[in-house]
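S.K.: The structure that follows is given in the form of structure tokens.
The values are calculated or read from the model by the stated rules, or taken from the named source; none is laboratory data. Since we're looking at a predicted model, the values are computed, not measured. Neighbour counts are summed over all protein chains in view; Cβ atoms, including those assigned to glycine, are modelled from backbone coordinates with ideal geometry. These area figures cover heavy atoms from the full protein model, side chains too; ligands, DNA and RNA do not enter into them. Shrake-Rupley method; radii C 1.70, N 1.55, O 1.52, S 1.80 Å.
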Amino acid sequence: MNYKDYIANVPDFPEKGIIFRDISPLMANGPVFQEAIQDIVDFAQDKEVEVIVGPEARGFIVGCPVAYELGIGFIPARKKGKLPRETMEKSYGLEYGDSVLQIHKDAIQPDQKVLVCDDLLATGGTIAATIDLVEDLGGQVVGTAFLIELLGLKGRDKIKDYDLLSLTQYD
Ligand code: PRP
Ligand code: MG
């Protein structure tokens, strides 16, 4: 499957000089979306994954169907102020702007094996913050999976110790 055929390239969004990789066409196409999710499920298969964690918002779109397919739970890492109970939080820098992610303190059991899913790996700030939250709660990250990797931003250098799957890459 050439996933790039289903990713729209939008120049100068949300800022001048950034090419936004829009996964909406991929998500809107049932068989293509299904194949993308199945690729991640296959990657997860031998890892004994017990729970999926995904960062808001597009990490939900990717992570939830993976969890459903594996028959395991999904835990959201949400942007600050959205979770109602006690949280841990982590600040991180994005390709543009800064943000804070939070996770419920009781979301993960000690040593629970976690696969972290998101749509896109750019600078790696989001995934690194999500991994930190999982590990602060005692979870064990057994892999990370993305639809898209932007190679030029070298996000994978931030998460060298973790097994990584990206379904398609851009320079
Ligand atoms: C986008 C994307 C990834 C992140 C990747 O999220 O969905 O989560 O940026 O960038 P990074 O590797 O440099 O951290 P963003 O917070 O922009 O928006 P979203 O709420 O739509 O997911
Ligand atoms: Mg995101």
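S.K.: Using 19 Å as the cut-off for backbone N distance, which residues of the stretch 66-107 belong to the label zone defined by a point 7 Å from the Cα of Gln34 along Cα→Cβ?
M.R.: Counting only backbone N, you get 66-71.
S.K.: Enter the accessible area per residue of the stretch 1-59 (Å², integer; probe 1.4 Å; all protein chains in place).
M.R.: Using a 1.4 Å probe on heavy atoms only, each residue of the stretch 1-59 averages 55 Å².
S.K.: Under the Kirkwood approximation applied to all pairs of distinct alpha-carbon atoms, what is the hydrodynamic radius of the chain in Å? Can you show the working numbers first?
M.R.: Values: mean 1/r = 0.0621 Å⁻¹.
When all Cα pairs of the chain are included, the Kirkwood radius is 16.1 Å.
S.K.: Need one value: the accessible area of Asp98 in square angstrom, 1.4 angstrom probe, rounded to the nearest 10.
M.R.: 130 Å²
S.K.: What percent antiparallel are the DSSP beta bridges of the chain, to the nearest 5?
M.R.: Numbers: 13 of 35 bridges.
Here the share of antiparallel DSSP bridges comes out near 35 percent.
S.K.: A further question follows. Within the stretch 65-112, list the trypsin sites (Lys or Arg not before Pro) lying in a DSSP loop whose Cβ has at most 15 other Cβ atoms in a 10 Å radius.
M.R.: Values: sites: Arg78, Lys79, Lys80, Lys82, Arg85, Lys90, Lys105; in loops: Lys80, Lys82, Arg85, Lys105.
Those that pass, being in a loop and sparsely packed, are Lys80, Lys82, Arg85, Lys105.
S.K.: So, in nm, how far is label Arg85 from label Lys154 when the simple model puts each one 7 Å beyond its Cα toward the Cβ?
M.R.: Going by the 7 Å Cα→Cβ label model, 4.1 nm.
S.K.: Given charges of +1 on the Cβ of Lys and Arg and -1 on the Cβ of Asp and Glu, with all other atoms neutral, how large is the dipole of the chain about its Cα centre, in debye to the nearest 20?
M.R.: Here the chain has a charge dipole of around 440 debye.
S.K.: When the dipole is taken about the Cα centre of the stretch 73-155, and only Lys, Arg (+1) and Asp, Glu (-1) are charged at their Cβ, what size is it in debye, to the nearest 20?
M.R.: 220 debye
S.K.: While we're on this one: Quick one: how many lysine pairs in the stretch 37-169 have C-alpha atoms under 22 angstrom apart, if they're 8 or more apart or on different chains?
M.R.: Within the stretch 37-169, the lysine pair count is 18.
S.K.: Further, regarding this structure: Leaving ligands, DNA and RNA out of it, report the carbon-plus-sulfur percent of the accessible area of the stretch 95-166 at a 1.4 Å probe.
M.R.: Carbon plus sulfur share of accessible area: 43 percent.
S.K.: Same structure again: Connecting C-alpha atoms closer than 10 Å in a GNM of the chain, tell me which of Gly59, Gly124, Gly30 has the biggest fluctuation.
M.R.: Result for the chain, Cα springs under 10 Å: Gly30 fluctuates most.
S.K.: Can you compute the label reach from Glu69? Point 7 Å from Cα along the Cβ direction, backbone N cut-off under 16 Å, restricted to the stretch 20-39.
M.R.: What the label zone holds, given the 16 Å backbone N cut-off, is 26-39.
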